[in-house]
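Notes to accompany the following structure.
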Amino acid sequence: MQIVGLEYLVFGIDDMAGARQYLHDYGLDEVEYDPAHGGVFTALDGTGLVMRPADDPRLPPLPPKAATPCLRETVYGVDNADTLATIRAHLEAERDVRVDADGTVHCMDDAGFGVAFMVTQRRAYDARYLGFNVPGQPAGRAPNDCAANPDEVIKPRTLSHVVYFVDDVQKAEAFYARLGFVVTDRFNHLGPFMRPAGTNDHHTLFMIESQNDHMIGCNHFTFHLGSPAEVLQHGWNFVKKGYKSFWGPGRHILGSNFFWYFNSPFGATIEFDADMDLHDASWTPRAVDPGSDNSQIFLFDARNKWAPGE
């Protein structure tokens, strides 16, 4: 089943105005917005985030033990209508399913999260080619093409991944394995990194077995930026706007992606992410113990700017 990746994340939230401003500052484009009903915000390729008031009847139920604000549904894009029909038949054989007029298939997964599937609406887009000048390799940029621009408008390119806290990680993993997701790496006694068949990204889903009742729901989510430099520059701009850094900047080991996490009004941290590993069927998953030594290859903390003589 060619599931190509995340299409939308749907949140039920409390602070509609604050969430709207947050997404503008994060760099998403506002497609629609109504303070009473929520809005849709997208990256360059059309994938994005949907926010609704927490009591909106269109939202799936809260995950067990979770509280608002909270992720209420994860929507995956598939390659075509035949794949969508196959997924629908598979799900209808084992659980209750609801199908929208546009064909989107909705159900609850085995961790209690709403999940849906639709034919992808991802689109091609124009964005600056980000080349790098590396000794011993052909030049990545033409002469006189300066990479550092303090006024650069940095836009998220595509929805990357989502991370859940779950009660029973083995049961949750089995649900997605039956849909064609494969494990790329694993933290022992904690949970798997998984990717669907239609993408080579290291993961679109990571699940963490909860250690207590206060760790239920969405841990974090992120969109891909164009480069590590964009993660650092955009994250620095976020700090200057007053947003609270949660973790980073740094670089993960599993997935190799550069990261910077911030607190958000969505009941989860939100990440800036770039340069994730790609894997194919020949990859052998790794299994490592959780902990800081295996979570990041390096980690920095933000501080005020400094220059000689200051």
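The values are calculated or read from the model by the stated rules, or taken from the named source; none is laboratory data. Everything quoted here is computed from the prediction, not taken from an experiment. Glycine gets a Cβ as well: all are built from the backbone with ideal geometry, and neighbour counts include every protein chain shown.
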Search result, residues across the stretch 288-310 that are acidic (D, E) and within 11 Å of I253 (Cα to Cα): D293
Which residue is farthest from the chain's Cα centre (by Cα), if the candidates are limited to the stretch 9-42 and must be aromatic (F, W, Y) and either modelled with pLDDT under 95 or under 19 Å from N219 (Cβ atoms) (or both)? Y22
Kindly provide the set of residues from the stretch 169-190 that are within 22 Å of S295 (Cα to Cα), outside any helix (DSSP H, G or I) and either of a type outside the set (S, T, N, Q) or in contact with a Ser or Thr (Cβ under 8 Å, 6 or more places away or on another chain) (or both), ordered by number. V182, V183, D185, R186, F187, H189, L190
Go over the candidates D100, D29, D109 one by one and state the one that is under 20 Å from M194 (Cα atoms) and surrounded by fewer than 21 Cβ atoms within 10 Å (Cβ to Cβ). D109
Which of the residues spanning the stretch 135-156 are surrounded by 19 or more Cβ atoms within 10 Å (Cβ to Cβ) and of a type in the set (K, R)? K155
Filtered residue count, the stretch 114-132, keeping only those that are surrounded by 10 or more Cβ atoms within 10 Å (Cβ to Cβ), at pLDDT 95 or above and either assigned to a loop (DSSP other than H, G, I, E, B) or among the polar types (S, T, N, Q) (or both): 5
Can you tell me which condition R95 does not meet? The list is (1) at pLDDT 95 or above; (2) loosely packed, with under 14 Cβ neighbours inside 10 Å; (3) farther than 30 Å from Q211 by Cα, and all the others hold. (3)
Could you please let me know if D45 is of a type in the set (D, E), under 17 Å from the mean Cα position of the chain (by Cα) and in a loop (DSSP other than H, G, I, E, B)? yes
Would the stretch 256-279 turn up any residue that is over 16 Å from the mean Cα position of the chain (by Cα) and not polar (S, T, N, Q)? yes
Members of the stretch 256-270 that are out of contact with any Gly (no Cβ under 8 Å at 6 or more places or on another chain), closer than 21 Å to T184 by Cβ and surrounded by 23 or more Cβ atoms within 10 Å (Cβ to Cβ): N257
Only one of (1) touching a strand residue (DSSP E or B) at 6+ places or on another chain (Cβ under 6 Å); (2) at pLDDT 95 or above; (3) of a type outside the set (F, W, Y); (4) not in a helix (DSSP H, G or I) does not apply to P60, and that is (2)
Run down G48, G39 and say which single residue is touching a Phe, Trp or Tyr at 6+ places or on another chain (Cβ under 7 Å), in contact (Cβ under 8 Å) with a residue 12 or more places away in the chain and under 25 Å from R88 (Cα atoms). G48
From E230, E209, E271, residue being in contact with a helix residue (DSSP H, G or I) (Cβ under 7 Å, 6 or more places away or on another chain) and either in contact (Cβ under 8 Å) with a residue 40 or more places away in the chain or over 21 Å from P285 (Cβ atoms) (or both): E209
Within the stretch 66-93, residues touching a residue at least 12 places away in the same chain (Cβ under 8 Å) and either assigned to a helix (DSSP H, G or I) or more than 23 Å from L49 (Cα to Cα) (or both) come out as A81, T83, L84, T86, I87, R88, H90, L91
Name the single residue, out of those in the stretch 193-241 being part of a loop (DSSP other than H, G, I, E, B) and over 30 Å from V78 (Cβ atoms), that is modelled with the highest pLDDT. K241
